[in-house]
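Here it is: the structure, laid out below.
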Amino acid sequence: MTSIEEPTDALLERAARWLVQGRLVAFPTETVYGLGGDARNDRAIAAIYGAKGRPQFNPLIIHVDTPDKLPALVTMTDVAWKAAHAFCPGPLTLVLPRAATCPVSLLASAGLPSLAVRIPSHPIATRLLALAAIPIAAPSANASGKLSPTSAAHVIESLGGNVDLVIDGGETNVGVESTVLDLTTDRPTILRHGGTPKEQLEAVLGPVIEALHDDAAPKSPGMLTSHYAPGRLVRLNVTQATPREAFLTFGDESHLTGGACHLNLSPTGDLQEAAAHLFAMLRRLDDPRYSGIAVAPIPMTGLGAAINDRLSRAAAPREA
Ligand code: TXA
Ligand code: MG
């Protein structure tokens, strides 16, 4: 039986012990809930892949509580330190060369010479990582290809009994996953848009490029086109919904028509609020009462890049 529990000191201490023993614990981060396991332990990593039903080639992000833990895992370049000082803790994942003595399971990084590392800013994640004092591999705590969970209840819905413990930290506030930034290339390269907008990265790091989608050989398998798939068909940039579609809107609705119901990601047109609501609202509208989900246009600036990226995957033709 999976238990959902409040984050008391005693619970966090138990969760940290369980992680060290190789068990899986789902915990909140500021982006989405993660399914955590000891990154050094092949069996724990295999259990994560198993719980998610994840293709084995998908490498995992390794989480630690403070930047001083990074050099034991990856080779920190000048630009890596610059990024870490400016954005960590926070919704940014850095892909760097694996350090020679890195203890992380090769299974966790799918045998790649690089490793993705992240320092989450959610206080429960920070305390859990500090108590466990080991690197924690944590993909989003959902079944592979499904929506990322932004609450403890979503984790149970998606993973069922495949996780021993879910630490309940309420709803996550960023709501989309971290931005994945590859620093092994000549120019910093965004592999996945996410909670840290490109504009903010460029203000600190200079020009940042965006990886092209390439389904045949995804550099970051989070780039697979159909991903984050709700059960219902999703249509984007809609201003006229059909009478049976659920309508996911943004900002002012006066130019929008149709829809069996409306849910507004942010009535005031705030992209941060919209990101926080995105996955939970898609879940609510993914209901057999509706013929599909129509989504109103959402600007591409700031967090809009990550929101539109997730929506275009939700709308993509489904993989077999
Ligand atoms: O916000 C987040 O990043 C959440 C929370 C729980 O931290 N985690 C998350 O993990 O979204 P996951 O496993 O669902 O996504 C990891 C992404 C994938 O797109 C994966 O391909 C990419 O990071 N990735 C991991 N290691 C990589 C590497 N060595 N090179 C390139 N991409 C990598
Ligand atoms: Mg994921």
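Using every alpha carbon pair in region 19-149, what percent of pairs falls into each 10 Å bin from 0 up to the bin containing the largest distance?
Final binned percentages: 14, 48, 35, 4.
May I ask you to list the residues of region 17-32 whose amide nitrogen lies under 11 Å from a point 7 Å from Cα along the Cα→beta-carbon direction of Asp164?
Only 17-26 fall inside the zone, counting backbone N under 11 Å.
Ok, one more. Using +1 at the C-beta of Lys and Arg and -1 at the C-beta of Asp and Glu, which of Ala108, Phe250, Val208 has the Cα lying farthest in the positive direction of the dipole of the chain?
Ala108
Let me ask you something else. How charged is the neighbourhood of Ala260? Take every other residue with its Cβ under 15 Å from the Cβ of Ala260, and add Lys/Arg as +1 and Asp/Glu as -1.
+1
Sticking with this structure for a sec: Pairs of Cα atoms under 8 Å, at least six residues apart: use those to get the relative contact order of the chain, whole percent.
Result for the chain is 19 percent.
Also, quick follow-up: Rank Ala84, Ile156, Val176 by how far each Cα sits towards the positive end of the charge dipole of the chain (+1 on Lys, Arg Cβ; -1 on Asp, Glu Cβ) and give me just the farthest.
Ile156
For the chain, give the share of DSSP beta bridges that are antiparallel, in percent and rounded to the nearest 5; count only bridges with both residues there.
45
Stokes-Einstein diffusion coefficient for the chain at 20 °C in a medium of 1.002 mPa s, Rh from the Kirkwood formula over Cα pairs: what value in µm²/s?
For the chosen part, D equals 108 µm²/s.
Let me ask something additional. Can you check what the net charge comes to around Leu183, using other residues whose Cβ is under 12 Å from the Cβ of Leu183 (Lys, Arg +1; Asp, Glu -1)?
-1
Would you please give the FRET efficiency between Ala153 and Ala203, computed as 1/(1 + (r/R0)^6) with r the Cβ-Cβ distance and R0 = 41 Å, to the nearest 0.05?
0.65
What net charge is computed for the residues neighbouring Val166, neighbours being all others with C-beta under 15 Å from the C-beta of Val166, Lys and Arg scored +1, Asp and Glu -1?
That sum, taken over residues with Cβ under 15 Å, equals -3.
Pairs on different chains or at least eight residues apart, Cα atoms closer than 23 Å: how many lysine pairs in the chain fit?
Counting lysine pairs in the chain gives 6.
Right, something else. Take every Cα pair under 8 Å in region 1-86 that's 6+ residues apart, average their separations, divide by the length, and report that relative contact order as a whole percent.
Reported relative contact order: 14 percent.
A further question on this structure: Where the only charges are on Cβ atoms (+1 Lys, Arg; -1 Asp, Glu), what is the dipole of the chain about its Cα centre, to the nearest 20 debye?
With only Lys, Arg, Asp and Glu charged at Cβ, the dipole is about 740 debye.
So, one more: Per DSSP H run of at least 4 residues, take -39500 (n - 2.57); add these up for the chain, divide by its residues and hand me the 222 nm value, nearest 500 deg cm²/dmol.
About -8000 deg cm²/dmol.
By how many nm would the segment from Asp186 to Glu6 grow when fully extended, if each residue of separation counts as 0.36 nm and the alpha-carbon distance is taken off?
The Asp186-Glu6 span can extend by a further 60.4 nm.
Now, a different point. Label-point separation (nm) for Lys82 and Leu233, each offset 7 Å from Cα along Cα-to-Cβ?
Rounded to a tenth, the inter-label distance reads 4.7 nm.
We did not get these values from a lab; they are worked out from the coordinates using the rules stated. Computed from a predicted structure; not experimentally measured. Methodologically, a virtual Cβ is constructed for each residue, glycine included, from the backbone with ideal geometry; neighbour enumeration extends over all protein chains shown.
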